[in-house]
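Asks: Here you go, one structure.
The values are calculated or read from the model by the stated rules, or taken from the named source; none is laboratory data. What you see is a predicted model, and the numbers here were worked out from it, not measured in a lab. With ideal geometry, Cβ positions are generated from the backbone for all residues, glycine too; neighbour counts draw on all protein chains shown. Side chains included, ligands, DNA and RNA excluded: accessible areas come from the protein's heavy atoms. Shrake-Rupley method; radii C 1.70, N 1.55, O 1.52, S 1.80 Å.
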Amino acid sequence: MTRLALLPVGVLLAAMLLPAGAALAATPQQTYTTQCGACHMAYPPTLLPARSWKAIVANLRHHFGEDASLGRRDTAAISTYLADNAADGPLGNRRFLMGVSPDVTPMRITDMPFWRVIHVRLLRPGIGTGPGIRKAAACNLCHNVSGNGEGGEGGESGG
Amino acid sequence: MELPIRLIATLVLASSVTAGMATAAPNFASDRAAILAHYAAEARKADPGFKGFSAAAGRAFFLAHPAGARPATPSCSYCHTTDPRNPGRTRAGKVILPMAVSRTPSRFTKLSKVRLWFRRNCQSVYRRQCTAVEKGNYITFMASQ
């Protein structure tokens, strides 16, 4: 009990000892959550293979009908984070690759066979795939998940 | 048992006091004024006769449906709604906090964020970069809402 009570003291002390105003640089994960969570939830990287993330990040200027491009530093941080945590990355879960042919590069989680198997009932007409908004990509409409950015706080930018 | 708790309370107090001193409460109004001054300086460089920003022009720019817009993004108001005091919605279904400064006081207070979104959204809607005057007018309009 005493040790538990003392733990926060150490945390507080550490916080107090930080130099005033020292802004800790964002981790790649924070950059991903902020920037890729601005328009939709920041999708868990393990839901797509690395080649898919690579293709998506390479074409952010034309991202599902919008310009989602980022500065070079943020793009690099996000690429690394996605490669590490992709389904076939060192920290990912290969189970999500079920049924994906190696020569196919899915551009949507909602095109992944695992997703379509789980959501087969949702794929009946009228829910997933209408023109314009594909509500299926708004996982958080139905699932209680975090993954919301703060609206794309530009870490760096142009223009 | 009593001692650690009192110690924690003291430290919490102490740390909030130091935090308060180290990072002054954000001053949104002056941050926004600095961003407007930045765009005013750019506008003056492009046109020495620049007279100042116009909320009315900013409103027209916000509501316009430019001819060449990408089909998915016909106008600024498409996502931000025609009344900027309302929350907006992205095409992917996520809620966007109101653009109006009266509703979201932190709007237009971080230059890197403002530049990032002007760059992208001007490209999507106007198919070009917006001018400094357009950006200043837009912020001036939103600050009046």
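Asks: Name the long-range amide H neighbours of B:ILE96: under 5 Å, sequence gap of 5 or more, or other chain; modelled H, no Pro or chain starts.
Replies: Those lying under 5 Å, H to H, from B:ILE96 are B:GLY88, B:ARG89, B:THR90.
Asks: Taking the Cα centre of the stretch A:26-141 as origin, work out the dipole magnitude from +1 charges on Lys and Arg Cβ and -1 charges on Asp and Glu Cβ, in debye rounded to 20. Show your work: numbers first, answer last.
Replies: Numbers: 13 positive and 7 negative charges, 60 e Å.
For this selection, approximately 280 debye.
Asks: Under 20 Å from a point placed 7 Å out from the Cα of B:ALA33 along the Cα-to-Cβ direction: which residues of the stretch B:47-84 have their backbone N that close?
Replies: B:51-55
Asks: Nearest 100 Å², what total accessible surface is buried between chain B and chain A (probe 1.4 Å)?
Replies: When B and A are taken together, about 2900 Å² of accessible area is lost.
Asks: Moving to a separate point now. Between A:MET107 and A:PHE64, what length comes free when the chain is fully extended (0.36 nm per residue of separation minus the Cα-Cα distance, one decimal in nm)?
Replies: Using 0.36 nm per residue and subtracting the Cα-Cα distance, I get 14.5 nm.
Asks: May I pose another question? Just the number please: accessible area per residue for the stretch B:102-145, 1.4 Å probe, all protein chains included, in Å².
Replies: 39
Asks: Not counting ligands, DNA or RNA, and with a 1.4 Å probe, what is A:THR80's accessible surface area in Å² rounded to the nearest 10?
Replies: Around 80 Å² of this residue is reachable by solvent.
Asks: Want the number for B:PHE50 to B:GLN129: 0.36 nm per residue separation, take away the alpha-carbon distance, what's left?
Replies: Separation in residues times 0.36 nm, less the Cα-Cα distance, equals 26.5 nm.
Asks: So if we plug the beta-carbon distance of A:ARG116 and A:GLN29 into 1/(1 + (r/R0)^6) with R0 = 35 Å, what FRET efficiency do we get, rounded to 0.05?
Replies: Efficiency at R0 = 35 Å is approximately 0.80.
Asks: In the stretch B:107-131, which residues give up 30 Å² or more of accessible area once the other protein chains are added, compared with their chain alone (1.4 Å probe)?
Replies: Residues shielded by partner chains are B:LYS110, B:SER112, B:LYS113, B:ARG115, B:LEU116, B:TRP117, B:ARG119, B:ARG120.
Asks: Which residues, if any, in the stretch A:52-91 lose at least 30 square angstrom of accessible heavy-atom surface (probe 1.4 Å) when the other protein chains sit next to their chain rather than the chain being alone?
Replies: Buried-area filter returns A:GLY65, A:GLU66, A:ASP67, A:SER69.
Asks: Whole number in Å², please: accessible area per residue of the stretch A:26-141, 1.4 Å probe, ligands, DNA and RNA not counted.
Replies: Result: 55 Å² of accessible area for each residue.
Asks: Heavy atoms only, probe 1.4 angstrom, no DNA, RNA or ligands counted: give me B:MET142, B:MET99, A:MET107 ranked by accessible area, highest first. Could the numbers behind the result be given before it?
Replies: Working: B:MET142 0, B:MET99 20, A:MET107 80 Å².
Listed by decreasing accessible area, they come as A:MET107, B:MET99, B:MET142.
Asks: Please report, as a whole percent, how much of the solvent-accessible surface of the stretch A:26-141 comes from carbon and sulfur atoms (probe radius 1.4 Å).
Replies: Carbon-and-sulfur percentage of accessible area, whole number: 59.
Asks: With N denoting the number of residues in the stretch A:26-141, provide Rg(C-alpha) divided by 2.2 N^0.38 Å, to two decimal places.
Replies: For the stretch A:26-141, the normalised Cα radius of gyration is 1.06.
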